[in-house]
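Here the structure is laid out as structure tokens; the discussion comes afterwards.
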Amino acid sequence: MNVTDARPARPARPSRPPAGRAPTTRGVLLLAGGVALLLAMAVLSLAAGSRPVPLTTVWHALADGDRSSDGLVVTGLRVPRTVIGVVVGAALGIAGALAQGITRNPLASPATLGINHGAGFAVVLASYALHLSRPAQYLPFAFAGAALATFAVLALARRAGDLDPVRLALGGTVLDAVLISWTSAVMLTSHRTLDEARFWLAGSLAGRQTDVLLPVAVPLLVGLALALAVAPALNALALGDETAQALGVPVARIRAAGGIAVILLAASSVAVAGPLSFVGLAAPHLVRRLIGTDHRWVLPGCAIAGPLLLLSADVLGRLVLRPVELEVGIVTALLGAPLLAFLARKVAR
């Protein structure tokens, strides 16, 4: 063969492109637009409900300390409710993005991995055995239940040393059903536990003051710091464990740190507002569709999309059967079931 006729072979095109980074200008504009929408939804959350409050009254209540009955409804009830919704929604959104990133499973979330109901079962069991009644007392048990549920699901999903996405989804679904049945069994054995836990288990932002956030402030901040620390490595992890290791990413440590962050964020949310579905599953999909798959953009986007979805569900629950209010956990469950079915069908294709 004539050497001069030999042409260099074209490099093989990678079978899966690396996680792309959203253009800086577009990403910033979309995040800014999301913040504007979140502010608008927060204002609507302050004004809407079984007792509508005019926007002018909302403004005077916030700016001038209006002490009228409507002003007291805004400052005493709806401001704490909205603040808690923003914090819990952000935590669940980020936890969902992390869960999907470390497992490489688009169906992963604190709810589908059994984390929410693991924390819920532990809290109900502690309430039954120790007569607990305050969110601050729930916290250690919520963390323990979330951690045990996570380890159980990961153990069920492991195959040949790696996480199988199908086994992960099935394991989370099975464990979730078991935990729900155990929770119901404990509640049925005690009317006191039933009365104390049923409102919390429905998932609600109502009837809480912002002081419930104080016991979970440190876990939330630690979880957020871990999430931001592992975000760049999640982009490499999306290419597969072998590729990530070849790029110098400590896969086991990243998964461990990300898993701890998911537990801290999800368990704190459960301790404050009860088990809430849909938010952690939907927010990452919405953000990735808008700004791309770079987790350095996805996580801040989920910190905006999560509260936006949760406050929207809360406002919808107040208005759909007015003057009766639906708990936000019921609304998110009703919305999340068809979403999960749609995503499962899409992934199966």
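The values are calculated or read from the model by the stated rules, or taken from the named source; none is laboratory data. This is a predicted model, so every value here is computed, not measured. As a convention, Cβ positions derive from the backbone with ideal geometry for all residues, glycine included, and neighbour counts pool all protein chains shown. Ligands, DNA and RNA are excluded from the accessible area calculation, which covers all protein heavy atoms including side chains. Shrake-Rupley method; radii C 1.70, N 1.55, O 1.52, S 1.80 Å.
Per the Debye formula on identical point scatterers at the alpha carbon atoms of region 224-304, with no solvent, log10 I(q)/I(0) at q = 0.17, 0.18, 0.25 Å⁻¹ is -0.74, -0.82, -1.26. When you restrict to C-alpha pairs under 8 Å that are six or more residues apart and normalise by the size of the chain, the relative contact order lands at 31 percent.
For residue 189 and residue 330, what is the calculated FRET efficiency with R₀ set at 22 Å and r taken between the beta-carbons, to the nearest 0.05? Walk me through the numbers before you get to the answer.
On the way: r = 24 Å, r/R0 = 1.10.
Between residue 189 and residue 330 the formula returns 0.35.
Roughly how tilted is helix 328-348, in degrees to the nearest 10 and between 0 and 90, from the longest Cα axis of the chain? So the helix axis and the longest Cα principal axis differ by about 20 degrees. Could you tell me which residue out of 331, 239, 252 lies farthest along the dipole of region 228-349 toward its positive end? Charges go on the beta carbon: Lys and Arg +1, Asp and Glu -1, centred on the Cα centre. So the residue we want is 239. Residue 66 contributes an accessible area of around 50 Å² to the protein surface, as traced by a 1.4 Å probe with all chains present. The order of the peptides 30-41, 228-239, 255-266 by mean Cβ neighbours within 10 Å, most packed first, is 255-266, 228-239, 30-41.
Measuring nothing but protein heavy atoms, the accessible surface of the chain at 1.4 Å probe radius is 68 percent carbon and sulfur.
Just from its helices, what would the mean residue ellipticity at 222 nm be for the chain, if runs of 4 or more DSSP H residues each count -39500 (n - 2.57) and the sum is divided by every residue, rounded to the nearest 500 deg cm²/dmol? Don't skip to the end; give the middle numbers.
Values: 14 runs with 246 residues, N = 349.
Counting only the DSSP helices, I get -24000 deg cm²/dmol.
Take the alpha carbon atoms of region 149-288, find their radius of gyration, then divide it by 2.2 N^0.38 Å using N residues; give the quotient. It would help to have the intermediate numbers written out before the result.
Working: Rg = 17.8 Å, N = 140, 2.2 N^0.38 = 14.4 Å.
That ratio works out to 1.24.
Modelled this way, with points 7 Å down the Cα-to-C-beta line, the labels at residue 25 and residue 316 are 3.5 nm from one another. In the full protein context, the chain carries 49 Å² of accessible surface per residue, based on a 1.4 Å probe and ignoring ligands, DNA and RNA. In terms of its C-alpha gyration tensor, the chain comes out oblate, because a/c is 1.5 or above while a/b does not outweigh b/c. To the nearest 10 degrees, how steeply does helix 165-188 sit against the main Cα axis of the chain, on a 0 to 90 scale? With rounding to tens, the tilt is 20 degrees. Taking all protein chains as they are arranged and a probe of 1.4 Å, the heavy atoms of residue 322 leave approximately 120 Å² accessible to solvent.
Counting only Cβ charges, +1 for Lys and Arg and -1 for Asp and Glu, the dipole size of the chain around its Cα centre is about 920 debye.
Relative contact order, percent, of region 203-349 when contacts are C-alpha pairs under 8 Å separated by at least 6 residues?
Numbers: 132 pairs, mean separation 42.2, N = 147.
29 percent.
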